[in-house]
Structure formats: structure tokens, C-alpha cells
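To start, the structure under review is shown below, and the notes come after it.
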Amino acid sequence: MSTDLDFHVFDTTLRDGAQREGVSYSVADKLAVARLLDEIGVGFIEGGWPGALPKDTEFFSRARTELKLRHAQLVAFGATRKAGVRVEDDPQVRALLDAETPVVCLVAKSDVRHVREALRTTLEENLAMVADTVAFFVAHGRRVFLDCEHFFDGYAADPDYGVRVLQAAFDAGAEVGVLCDTNGGMLPMGVGRVVADVRSRVGGKLGIHCQDDTGCAVANTLAAVEAGVTHVQGTANGYGERAGNADTFALIGNLVTKMGLPVVPAECLPELQRVSHAIAELANIAPDDHQPFVGASAFAHKAGLHASAIKVSPELYNHLDPAVVGNDMRILVTEMAGRASVELKGRELGVDLTGQSDAIGRVVDQVKVLEADGWSFEAADASFELLLRAQLPDAPAPLFELESYKTSVEHWGNGVVVSEATVKVHVDGERIISTAEGNGPVNALDNALRQALVNRHPQLADVALADYKVRILGWKGGTSATTRVLIDTTDGVGEWTTVGVHANIVEASWHALVDALTYAVLRRPAAG
């Protein structure tokens with residue numbers, strides 16, 4: 001839970017954020033994003049809508065055994081019972097219960113027009129739907145939050161009915177009533193006025209959920225906090241439908257550093273930038289360089305007047321120390337080294353860097369060169385750890401020396417497509433040639449390389465590719481593009497991510513694949 005137990009940071013990246021156009025998380029992605037969100041100390045992670053979406057149902061099933069959260073509680077999202085249906089008989093209510101999360105977030109209509117025109121029921125029946133469903137989950141030991149959909153638009157049409165919905169939920173045992181700017185049309189002054197009025201009329205804990213259609217989602221959320229809200233909802237990087245949602249990272253940064261509210265554990269704040277970029281990679285969306293707090297350009301300054309002043313005092317041109325949120329100040333032309341970031345990451349990865357000042361400097365220089373060529377390590381901890389260990393005196397020896405590899409793709413007349421790969425490697429002085437098939441060139445390369453190495457590294461028999469992502473980074477010279485590949489690998493116990501970059505997609509994949517198998521051996525040395 002967060003440091004301030006009376007204040008909730010509630011993240012809905014996996015539900016509301018997943019509605020962003022172009023985003024489609026796999027179940028493995030959703031589990032990885034949840035782990036990352038937990039690392040920034042949010043109090044609640046909304047995982048999706050079980051029963052409504054098969055992917056979300058599977059996520060909650062796997063989360064019970066695969067997701068070990070240190071800070072957050074997992075939340076299942078769903079609706080109140082249907083009109084005219086007993087709560088015990090509503091299958092989507094049962095699916096919510098079967099998700100077995102400690103917290104349930106229910107969505108309810110709070111605008112009289114939506115009740116009458118969308119639900120096609122009476123105002124009183126809608127209140128009963130809220131009360132019945134909240135009481136049902138409370139009776140089953142769940143904490144219940146209620147999202148009041150279209151609250152602000154409903155307030156404009158009828159300033160009393162939304163309050164009645166909130167009160168019905170509180171009377172039935174709901175812990176939080178969330179005021180939702182579902183259409184995203186509010187401005188901060190209006191949000192503050194409405195929240196202050198509602199705050200004076202109900203006794204329960206209020207929350208805020210803002211869409212970003214006016215570009216004011218973060219500002220609207222902070223205005224609501226100023227007016228008395230103590231539960232805020234957001235999504236990583238502001239992902240969401242249409243223009244998106246309030247950005248969780250900007251919310252945390254502002255609440256902690258500007259409003260003095262310790263809403264996440266102090267040790268989690270420096271993780272904001274890393275987690276932001278890692279989630280962007282998993283969503284297959286380029287990180288926003290100009291994103292407040294966590295963007296690569298958030299603390300970047302061009303040479304000249306700024307640079308000369310920064311030499312005297314960095315605070316003169318930064319609104320806070322970038323390291324507080326895990327970022328770095330950069331001088332564009334002569335970038336400043338990130339030695340502290342390497343040291344902190346090494347500590348996190350369990351790599352002892354005591355007395356390794358020269359090695360840290362080499363890593364910083366190497367990362368600068370690689371990132372200039374398109375490499376990115378935010379979502380590829382395994383590749384970064386190998387890069388780091390390679391600079392230490394006890395650097396692990398390479399698994400093999402590559403002589404060559406070759407891949408081919410054959411399309412048979414019956415529509416079957418088969419890939420084949422041959423690798424020629426030298427292992428402990430022995431030349432090994434291995435050929436294998438796969439459902440694609442990367443899968444075939446993986447099979448062939450593991451086949452070549454498995455006798456000396458039997459733990460590789462348990463290793464398999466779990467996911468594969470490709471991003472085209474841009475054109476060079478108008479004739480070619482650089483490709484970045486992220487590979488997720490599992491040994492049945494855990495997963496890790498590696499990265500490769502090259503103009504050729506197969507070669508980029510090869511780099512990521514070699515790192516994946518090397519890390520597999522490093523993380524689980526063979527017995528004896």
C-alpha cells in the first residue's frame with residue numbers, strides 16, 4: 001500500500017488505458033505491466049473486466065499464482081447488476097466474484113439521461129442496482145469502489161441525482177465513490193467547484209477519474225485533490241480512449257513533489273522514468289520524449305545561456321532534481337553521464353559495483369553509443385545486465401563463438417509455411433552444426449541454437465520464447481530502416497526481456513536471442 005494509507009493512487013492502465021487505439025496487450029504483457037506498476041508503489045492496479053473479456057478472465061486466473069505484488073492490491077472491474085435481475089443471478093457479477101481480487105471497482109450510471117436512455121430503467125431501480133451490488137460484494141469480503149460514470153455531465157443536468165447514487169453506494173458499504181469525467185470535457189475550475197459541493201453533501205471517501213479531451217486531465221485531477229478528493233485514478237503515460245486519461249506518472253510526480261503528499265513509498269519515486277519507458281515498450285508505443293517528469297527531454301537543455309547557468313546551479317533551470325523521478329538532466333550537444341543511474345540499476349539487478357568506477361564509466365559511454373544507434377534498455381533488463389557484467393573483472397564467458405547462421409522460409413503448395421535455420425558455432429573448441437525448423441525464422445534460429453548448446457547447458461531445454469515485438473525506428477539515408485526487436489523469454493519459472501538492433505530484422509533478432517539464452521544460463525547455472 002502507499003505511504004499515506006488515507007490517499008489512494010489507483011492505476012487503470014490495464015483496463016481503461018488498454019482502450020487506446022493501437023494497443024493490444026497479451027496476457028503476458030498485462031502481467032508484466034502489473035509488475036512494473038507495482039514497482040512505482042501505486043496502491044491499486046485495475047486488471048480488467050473478467051467475464052466480459054476472455055483475455056481479462058485469463059489474466060485474473062494467472063495473476064493468482066504468477067503475480068506477487070509488494071505495494072498494490074489487484075482490482076477487478078465490472079458493472080452493477082442488470083436492471084430487473086437479482087444480483088445473485090447476474091453472471092457478470094459472479095465472474096467478478098470468481099476473479100478473487102481483494103478489491104472490486106463497479107461502474108454505475110450517475111447521469112439521469114444515461115439511466116433513462118442507455119439503461120432504459122427508472123432512477124430508483126438504478127439506485128437499487130448500485131446498493132444491491134455493493135452490498136453483495138461487501139458481504140463476500142471485498143473492498144468496493146464505485147465509478148460514477150458521466151458524473152460531471154450528470155451534475156450539470158441534475159446536481160442531486162449523482163449525489164444520491166454516491167450515498168446509495170456508501171450506505172451499502174462502498175469505500176470510495178469516484179467522480180468520473182467520462183467525456184473529458186471539464187476544466188479545473190469547474191471540477192474544483194463540483195467536487196467541493198459534493199464533498200459538503202456526502203460523508204464517504206471521494207475519488208476522481210479524468211479523461212484528457214480538453215488536455216486538462218492531470219490539472220482536473222489535481223483540482224479535485226485540492227477540493228478534497230483522496231483517491232485518484234490514472235493510466236501509465238496517459239494511455240486511453242480518444243485523447244487518453246490522466247497520466248499516472250504526472251499525477252504521482254505532482255502529488256509528491258508539488259503538493260507534498262507522500263502517496264507512494266519514497267524509494268519508488270526514482271522508478272518513474274524507467275517504468276514509464278518499459279510500459280511504452282510493452283505497449284509497442286514510442287515513449288513521448290516531451291512527457292512531463294519522465295520524458296527523455298523533460299530535463300534537456302540546449303547549449304548557450306541555459307548551459308552556462310546550469311554549470312553554476314542546475315536548479316536555476318530545472319523545476320526539481322531529475323533524479324528524484326529517475327530521470328537525467330541532459331545538455332543537448334554534450335550529454336551528461338548517468339553514472340548514478342547505472343549504479344542504482346546495478347544494485348537492483350544484484351550486480352556488485354563496489355570499486356568499479358572505471359567499469360561504470362565504460363557502461364555509461366557504451367549505453368550512450370548504443371542508444372544513439374537505436375538500442376533501448378528500459379524494457380530489457382536482461383540485456384542491460386549482460387552489458388553491465390561484461391565490463392566487470394569476472395565477466396561471464398560467451399556461450400559460443402559464432403561461425404555463421406542461415407535462415408530460409410519455404411511456402412509449400414498446400415499453404416504451409418516452414419522456416420529453417422542452420423547455425424555453425426564453436427563451443428569449447430568444438431565445431432557444432434545444428435539445423436532446426438520453426439514457425440518463423442526467429443523461432444527456427446532459437447531452436448537451432450538451443451539444440452547446439454543444450455548438451456553443455458542442459459537448462460536451456462526448459463527455455464522458450466514467450467513474446468516477440470518489432471519496432472521500425474526510422475529511415476536512414478532514405479534507403480533503409482533500423483529495426484529494434486524485443487524478445488521475452490521464459491524458463492517456466494520467470495520471464496526476462498532482451499533487445500537487439502540492426503538494419504536487418506533477423507540480425508536484430510539474433511542479438512536479442514543470444515542475450516536471452518546467455519541470460520538463461522547466467523540466471524540458472526547448471527548443477528554440478
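The values are calculated or read from the model by the stated rules, or taken from the named source; none is laboratory data. The structure presented is a predicted model; accordingly, all values stated were derived computationally and were not measured. Neighbour counts are summed over all protein chains in view; Cβ atoms, including those assigned to glycine, are modelled from backbone coordinates with ideal geometry. Just so you know, the surface numbers come from the protein's heavy atoms only, side chains and all, with ligands and any DNA or RNA stripped out. Shrake-Rupley method; radii C 1.70, N 1.55, O 1.52, S 1.80 Å.
Odds and ends about this structure:
- Here the calculated FRET efficiency for Leu402 and Val324, from their Cβ-Cβ distance with R0 = 45 Å, stands at 0.55, rounded to the nearest 0.05.
- Heavy atoms of Val75 accessible to a 1.4 Å probe, total area in Å² rounded to 10: 0 Å²
- Average Cα contact separation per residue, the stretch 92-229, under 8 Å, 6 or more apart, as relative contact order %: 22 percent
- Kirkwood-based shape ratio for the chain, expressed as Rg/Rh from alpha carbons: 1.02
- A convex hull fitted to the Cα coordinates of the stretch 411-471 yields 116 cubic angstrom per residue.
- Set against the 2.2 N^0.38 Å expectation for a compact globular protein, the stretch 337-444 has a Cα radius of gyration ratio of 1.47.
- Over all pairs of different C-alpha atoms, the stretch 1-126 has a mean inverse distance whose reciprocal, the Kirkwood radius, equals 15.6 Å.
- Candidate aspartates and glutamates for bridging to Lys469, where Cα separation is under 17 Å - those fewer than 8 sequence places away on the same chain excluded: Asp29, Glu281, Glu378, Asp381, Asp446, Asp488, Glu495, Glu507, Asp515
- Lys, Arg +1 and Asp, Glu -1 on Cβ, resulting dipole of the chain about Cα centre, debye, nearest 20: 140 debye
- Taking the C-alpha atoms only, the angle from helix 272-282 to the longest principal axis of the chain is near 80 degrees.
- One way to sum up the overall shape of the stretch 113-180 is the equivalent ellipsoid from its Cα gyration tensor, whose semi-axes run 21, 13, 9 Å, largest first.
- Accessible heavy-atom area order of Lys368, Lys82, highest first, probe of 1.4 Å: Lys82, Lys368
- Residues in the stretch 267-285 that a label on Lys55 would reach, taking backbone N under 15 Å of a point 7 Å out along Cα→Cβ: 282-285
- Positive dipole terminus of the chain, leading residue within Leu282, Gly234, Val194 (C-beta point charges): Val194
- Over the chain, accessible surface divided per residue gives 43 Å², non-protein components excluded, 1.4 Å probe.
- For the set Lys469, Lys406, Lys258, solvent exposure ranked by accessible area (probe 1.4 Å, protein chains only) runs largest to smallest as Lys406, Lys258, Lys469.
- About the Cα centre, charge dipole magnitude for the stretch 170-308 (Lys/Arg +1, Asp/Glu -1 at Cβ), debye: 340 debye
- Based on C-alpha pairs under 8 angstrom that are at least 6 apart in sequence, the stretch 369-528 has a relative contact order of 21 percent.
- Val23/Ala266 FRET efficiency (R0 35 Å; Cβ-Cβ; nearest 0.05): 0.65
- Across the stretch 371-381, coupling constants 3J(HN,Hα) worked out from phi with the 6.51/-1.76/1.60 Karplus curve, θ = phi - 60°, read 5, 5, 8, x, 6, 8, 10, 4, 9, 10, 4 Hz, and Gly and Pro carry x.
- A simple charge model with +1 on the Cβ of Lys and Arg, -1 on the Cβ of Asp and Glu and nothing else charged puts the dipole of the stretch 111-201 at about 180 debye relative to its Cα centre.
- Per atom type, the chain shows carbon and sulfur on 52% of its accessible surface, probed at 1.4 Å.
- Note that the stretch 111-119 has calculated 3J(HN,Hα) couplings of 10, 4, 5, 5, 4, 6, 9, 8, 7 Hz, one per residue in order, obtained from phi through the Karplus relation 6.51 cos²θ - 1.76 cosθ + 1.60 (θ = phi - 60°); glycine and proline are x.
- Across the chain, Cα pairs under 8 Å and at least six residues apart give a relative contact order of 10 percent.
- Estimated 222 nm signal from helices in the chain, with DSSP H stretches of n ≥ 4 weighted -39500 (n - 2.57), rounded to 500: -11000 deg cm²/dmol
- The order of Ile472, Ile252 by accessible area, most exposed first and with a 1.4 Å probe, is Ile472, Ile252.
- Label-point separation in nm, Arg199 to Asp394, each point 7 Å along Cα→Cβ: 5.5 nm
- The simple spin-label model puts a point 7 Å past each Cα toward its Cβ; for Glu66 and Lys258 those points are separated by 3.7 nm.
- In terms of its C-alpha gyration tensor, the stretch 1-73 has a prolate overall shape, because the principal axis ratio a/c (a ≥ b ≥ c, square roots of the eigenvalues) is not below 1.5 and a/b outweighs b/c.
- Using a probe of 1.4 Å on the protein chains alone, the accessible area found for Lys205 is around 40 Å².
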